[in-house]
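Remarks on the structure that follows.
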Amino acid sequence: MSRREDATLSAGYDDWRQSRLAERMAAAGEQRTWNHLITVVIHDAASASGEALSDTLSTLLAQSYRNIEIVVAGVRETDLPDVDDFASLRGLFAEPTLDALNLLSDPAHDHLWRGSHMVFAAAGTTFDTDAFALLNRMLSPSRGAPMPDLIVCDHDRRLDAGAVPQPCFLPGWDPDLIVSMDYVGTAFMASRKLILGRRSAGRPNSLHGWLRALASGPLAVGHLTETVMHLPTGLPRPSAEPADIARLPPPRSVAIVIPNRDQPKLLKRCVRFVKALEHLSPELVIVDHASTDPATLALYAELQKQHGAGIVRVHGRFNFSRMVNMGVAAATADVVVLLNNDVEITDPRQLELMVAHAMRPEVGVVGARLLYPDGSVQHAGIVLQPGSHSEHPVLAQHVLRGAPGNADGYLHAMRTVRNYQAVTGAIIASRRTVFHEIGGFDEVCLPVEYNDVDYCLRARLMGLRVISLPTDGIVHRESATRGSEATPEVLRMRVASMRLIAERWREAVEQDPFCNPHVDMGDRPQAGFPWTDRIGNP
């Protein structure tokens with residue numbers, strides 16, 4: 001973002017933040033949870049100004065939660081204020097020779113901290129008065145939920161000296177995003193169990209490097225959706241790095257399954273990419289629903305001749321889920337790409353990238369950033385929210401729909417690999433074994449709509465990731481085949497599908513883990529925030 005956009009984003013934020021803090025403090029009741037000892041490690045104190053260290057210590061001393069010990073790395077005891085001032089806490093300790101990162105890797109330093117959890121803070125970081133009370137409360141989750149080993153926090157950062165703070169409303173813990181972008185910074189708390197259990201990875205080169213290493217396995221994570229930490233200037237500005245293609249498995253065999261009914265012009269444009277693929281020789285499966293147009297039948301014959309396409313015939317009432325399931329059943333390849341006939345792939349390398357990601361063992365479904373014909377964003381992931389009334393009980397909204405095609409999006413949402421609960425079925429890639437383990441699309445209860453959302457949620461129920469790639473060059477002429485008609489029958493079917501999703505996936509709809517409650521990015525071209533409806537990152 002430009003400086004002007006930075007200022008626009010922050011306009012009104014500080015007043016909103018102060019109002020939130022006042023509301024929280026007014027509503028705070030007696031602490032009834034277990035008081036976990038939290039160690040705060042202050043680093044970079046030697047290179048920071050004395051005022052920066054003083055600011056951090058004063059906000060720690062003002063905490064409403066008192067079971068905190070403070071370890072200051074790189075300074076002598078004489079550089080600290082009177083330790084007696086911190087007697088109401090668990091202590092203030094100076095460790096002049098300590099490299100804070102060694103606490104994450106070297107057992108010889110374990111005696112320097114006693115907490116069950118650890119928070120890192122660069123000198124100059126400040127905390128809201130209730131920050132540690134809220135963190136401690138999150139260590140007593142609702143019945144049946146695991147205690148989180150990692151808690152990531154919404155926060156703000158001052159990018160330059162004297163600049164207004166930039167709020168960072170996080171999309172929760174996203175193991176793909178953390179690999180390409182340091183979006184968390186120091187705004188996290190880790191358990192002693194997690195820190196000791198990750199010692200085999202050796203000394204990290206940075207806190208971001210340590211967080212990146214956590215992305216490879218399952219992790220119990222909490223998300224504190226209040227900007228209770230305020231990071232100082234001098235920390236790296238969040239920026240996105242390109243995905244490391246080298247770490248992806250090499251593409252293997254792929255089947256392209258395309259449901260179709262007539263529409264020969266659409267289908268011909270859709271399959272044009274096949275001959276341009278460099279590293280894949282796809283198995284092409286066309287699932288036909290009662291086509292009668294001679295041009296369509298002639299195109300089928302041509303595709304059979306040129307690409308060995310299989311034609312699967314489906315009769316009876318239109319059932320998109322059944323068409324998908326029958327198409328996948330006819331395929332033999334390792335990876336299956338489900339492709340609507342109104343999608344045009346102008347850069348075949350993007351499909352190869354999707355296939356490579358689909359082969360990652362932790363990934364169940366791969367979606368893509370799709371563009372409208374005018375170049376604006378049609379889809380970059382789906383966020384779920386409860387609807388406003390019984391006739392619309394669930395909202396499945398496309399992230400930043402209508403944004404310019406060259407947009408970065410808030411926190412680089414358009415330029416990074418992101419985890420979501422669901423992606424559109426217009427183009428998705430899955431391993432064929434995953435598709436069968438999930439049970440395919442629900443052709444009984446969701447024959448036409450919301451079957452893609454249901455499929456993705458079932459993949460996540462299996463512990464697999466659903467990701468959206470920041471692809472370029474994939475165009476979706478949305479609803480070009482069936483149109484966007486809203487007949488009474490279509491409306492009845494849509495409401496019934498939404499009600500089923502709302503009932504079957506109640507928790508996923510009510511609390512989307514990748515949807516921050518303070519950022520609205522659904523079906524709108526710019527992100528919206530509580531203090532304005534016009535602010536976003538173009």
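The values are calculated or read from the model by the stated rules, or taken from the named source; none is laboratory data. Please read all numbers here as calculations on a predicted model, not as lab measurements. We place every Cβ from the backbone using ideal geometry, glycine too, and count neighbours over all the protein chains shown.
Per-structure values
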| item | result |
| --- | --- |
| Test result for residue 151, under 19 Å from residue 215 (Cα atoms), touching a residue at least 60 places away in the same chain (Cβ under 8 Å) and in the same structural domain as residue 53 (by TED's automatic domain parsing) | yes |
| Failed condition for residue 31, given (1) modelled with pLDDT of 95 or more; (2) surrounded by fewer than 18 Cβ atoms within 10 Å (Cβ to Cβ) | (1) |
| Condition met for residue 366 (buried (at least 18 other Cβ atoms within 10 Å of the Cβ), β-branched (Val, Ile, Thr) and in contact (Cβ under 8 Å) with a residue 60 or more places away in the chain) | yes |
| Only listed residue being free of Cβ contacts under 8 Å to residues at least 12 places away in the same chain, of a type outside the set (Lys, Arg) and out of contact with any Gly (no Cβ under 8 Å at 6 or more places or on another chain), chosen from 222, 217, 172 | 217 |
| Qualifying position, being within 25 Å of residue 438 (Cβ to Cβ) and either at pLDDT 95 or above or among the charged types (D, E, K, R) (or both), among 327, 316 | 327 |
| The listed residue being farther than 23 Å from residue 513 by Cβ, among the hydroxyl-bearing types (Ser, Thr, Tyr) and either in contact (Cβ under 8 Å) with a residue 24 or more places away in the chain or surrounded by 20 or more Cβ atoms within 10 Å (Cβ to Cβ) (or both), out of 200, 206 | 206 |
| Residue in the stretch 369-398 that is surrounded by the most Cβ atoms within 10 Å (Cβ to Cβ), counting only those that are at pLDDT 95 or above and of a type in the set (D, E, K, R) | 369 |
| Residue 91 being surrounded by fewer than 18 Cβ atoms within 10 Å (Cβ to Cβ) and either of a type outside the set (Phe, Trp, Tyr) or over 20 Å from residue 516 (Cβ atoms) (or both) | yes |
| Qualifying residue in the stretch 139-159 (condition: among the β-branched types (Val, Ile, Thr), crowded, with 17+ Cβ neighbours inside 10 Å and out of contact with any Gly (no Cβ under 8 Å at 6 or more places or on another chain)) | no |
| Residue 238 vs. criteria farther than 22 Å from residue 38 by Cβ, surrounded by 15 or more Cβ atoms within 10 Å (Cβ to Cβ), under 20 Å from the mean Cα position of the chain (by Cα) and not assigned by TED's automatic domain parsing to the domain that holds residue 16 | yes |
| Residue check for residue 262: surrounded by 14 or more Cβ atoms within 10 Å (Cβ to Cβ), over 18 Å from residue 441 (Cβ atoms) and outside the structural domain of residue 216 (by TED's automatic domain parsing) | yes |
| Residue match in the stretch 61-78 (condition: out of contact with any strand residue (DSSP E or B) (no Cβ under 6 Å at 6 or more places or on another chain), under 18 Å from residue 185 (Cβ atoms) and surrounded by fewer than 20 Cβ atoms within 10 Å (Cβ to Cβ)) | no |
| Candidate set from the stretch 422-453 (those that are of a type in the set (Asp, Glu) and not in a helix (DSSP H, G or I)); member that is nearest to residue 396 (Cα to Cα) | 449 |
| Check on residue 401, surrounded by fewer than 22 Cβ atoms within 10 Å (Cβ to Cβ) and more than 27 Å from residue 437 (Cα to Cα) | yes |
| Residues located in the stretch 365-408, provided they are of a type in the set (Ser, Thr, Tyr) and outside any strand (DSSP E or B) | 372, 376, 390 |
| Top-ranked residue in the stretch 478-492 [being surrounded by 10 or more Cβ atoms within 10 Å (Cβ to Cβ) and under 30 Å from the mean Cα position of the chain (by Cα); ranked as modelled with the lowest pLDDT] | 480 |
| Complete set of residues in the stretch 298-334 that are more than 21 Å from residue 447 (Cα to Cα) and surrounded by 15 or more Cβ atoms within 10 Å (Cβ to Cβ) | 299, 300, 303, 307, 309, 310, 333, 334 |
